[in-house]
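The structure appears below as C-alpha coordinates.
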Amino acid sequence: MDLELSLACRIGQHLMCGLPGYTLDDTFREAVRKYKISNVILFSRNIRDKEQLFELCSDIQELVQTRREVWSVVSPAIVR
(Lines give C-alpha, C1' and ligand atoms only; values in the text may rest on other atoms or scores of the structure.)
Protein backbone atom coordinates (compact mmCIF):
# COMPACT_ATOMS: atom_id res chain seq x y z
CA MET A 1 0.00 0.00 0.00
CA ASP A 2 1.48 3.35 -0.94
CA LEU A 3 1.63 6.30 1.43
CA GLU A 4 -1.06 8.33 -0.42
CA LEU A 5 -3.63 5.52 -0.24
CA SER A 6 -2.84 4.94 3.40
CA LEU A 7 -3.41 8.63 4.16
CA ALA A 8 -6.67 8.65 2.17
CA CYS A 9 -7.93 5.65 4.14
CA ARG A 10 -7.03 7.25 7.44
CA ILE A 11 -8.84 10.46 6.53
CA GLY A 12 -11.88 8.56 5.23
CA GLN A 13 -12.19 6.72 8.52
CA HIS A 14 -12.90 10.07 10.20
CA LEU A 15 -15.61 11.15 7.76
CA MET A 16 -19.30 10.42 8.13
CA CYS A 17 -21.53 10.61 5.09
CA GLY A 18 -25.27 10.57 4.49
CA LEU A 19 -27.31 10.00 1.37
CA PRO A 20 -30.46 11.62 -0.02
CA GLY A 21 -32.81 8.69 -0.62
CA TYR A 22 -33.71 5.03 -0.12
CA THR A 23 -30.91 3.62 -2.27
CA LEU A 24 -27.26 4.26 -3.05
CA ASP A 25 -26.81 6.73 -5.87
CA ASP A 26 -23.76 7.21 -8.11
CA THR A 27 -22.64 10.34 -6.24
CA PHE A 28 -22.61 8.48 -2.93
CA ARG A 29 -20.80 5.47 -4.43
CA GLU A 30 -18.14 7.71 -5.97
CA ALA A 31 -17.62 9.63 -2.71
CA VAL A 32 -17.10 6.36 -0.80
CA ARG A 33 -14.62 5.12 -3.40
CA LYS A 34 -12.76 8.40 -3.84
CA TYR A 35 -12.55 9.51 -0.21
CA LYS A 36 -12.51 6.03 1.39
CA ILE A 37 -15.49 6.91 3.59
CA SER A 38 -16.26 4.19 6.12
CA ASN A 39 -18.99 5.74 8.28
CA VAL A 40 -22.55 6.28 7.13
CA ILE A 41 -25.47 7.84 8.96
CA LEU A 42 -29.04 7.11 7.91
CA PHE A 43 -31.96 9.43 8.58
CA SER A 44 -35.72 8.93 8.34
CA ARG A 45 -35.52 10.08 4.70
CA ASN A 46 -33.49 6.91 4.02
CA ILE A 47 -35.93 4.45 5.60
CA ARG A 48 -39.13 3.22 3.97
CA ASP A 49 -39.58 -0.14 5.76
CA LYS A 50 -37.47 -2.80 7.46
CA GLU A 51 -36.84 -4.80 4.28
CA GLN A 52 -35.58 -1.73 2.41
CA LEU A 53 -33.46 -0.70 5.41
CA PHE A 54 -31.86 -4.15 5.56
CA GLU A 55 -31.08 -4.01 1.84
CA LEU A 56 -29.66 -0.49 2.07
CA CYS A 57 -27.41 -1.42 5.01
CA SER A 58 -26.24 -4.54 3.15
CA ASP A 59 -25.46 -2.47 0.04
CA ILE A 60 -23.47 0.04 2.09
CA GLN A 61 -21.52 -2.70 3.86
CA GLU A 62 -20.75 -4.38 0.53
CA LEU A 63 -19.59 -1.11 -1.03
CA VAL A 64 -17.28 -0.27 1.85
CA GLN A 65 -16.01 -3.82 2.35
CA THR A 66 -14.86 -4.14 -1.28
CA ARG A 67 -11.83 -2.08 -0.24
CA ARG A 68 -10.95 -4.63 2.49
CA GLU A 69 -8.81 -2.01 4.18
CA VAL A 70 -11.29 -0.84 6.80
CA TRP A 71 -14.60 -1.82 8.31
CA SER A 72 -17.71 0.32 8.16
CA VAL A 73 -20.21 1.72 10.60
CA VAL A 74 -23.81 2.22 9.49
CA SER A 75 -25.84 4.18 12.04
CA PRO A 76 -29.58 4.67 11.65
CA ALA A 77 -30.54 7.94 13.38
CA ILE A 78 -34.08 8.62 14.46
CA VAL A 79 -34.63 12.17 13.21
CA ARG A 80 -38.06 13.53 12.37
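Picking from residues in segment 34-44 that are more than 11 Å from residue 64 (Cβ to Cβ) and of a type in the set (A, V, I, L, M), the one that is surrounded by the fewest Cβ atoms within 10 Å (Cβ to Cβ) is 41. Between 65, 13, the distinction of being surrounded by 12 or more Cβ atoms within 10 Å (Cβ to Cβ), touching a Phe, Trp or Tyr at 6+ places or on another chain (Cβ under 9 Å), among the polar types (S, T, N, Q) and at pLDDT below 85 belongs to 65 only. Among the residues of this structure, residue 53 counts as one that is aliphatic (A, V, I, L, M), in a helix (DSSP H, G or I), at pLDDT 80 or above and open to solvent by 20 Å² or more (accessible area, probe 1.4 Å).
Every listed requirement among (1) at pLDDT 80 or above; (2) open to solvent by 100 Å² or more (accessible area, probe 1.4 Å) is met by residue 4 save one, (1). With respect to the conditions (1) assigned to a helix (DSSP H, G or I); (2) surrounded by 15 or more Cβ atoms within 10 Å (Cβ to Cβ); (3) in contact (Cβ under 8 Å) with a residue 24 or more places away in the chain; (4) not aromatic (Phe, Trp, Tyr), residue 31 falls short on a single one, namely (3).
What do you reckon, is residue 79 farther than 16 Å from residue 12 by Cα, at pLDDT below 80 and either open to solvent by less than 40 Å² (accessible area, probe 1.4 Å) or touching a helix residue (DSSP H, G or I) at 6+ places or on another chain (Cβ under 6 Å) (or both)? Here the answer is yes, as residue 79 does meet what is asked.
The values are calculated or read from the model by the stated rules, or taken from the named source; none is laboratory data. Since the model is a prediction, treat every value here as computed from it, not as a measurement. Please note: Cβ atoms are built from the backbone with ideal geometry, for glycine as well, and neighbour counts cover all protein chains shown. The accessibility values were calculated without ligands, DNA or RNA, using every heavy atom of the protein model including side chains. Shrake-Rupley method; radii C 1.70, N 1.55, O 1.52, S 1.80 Å.
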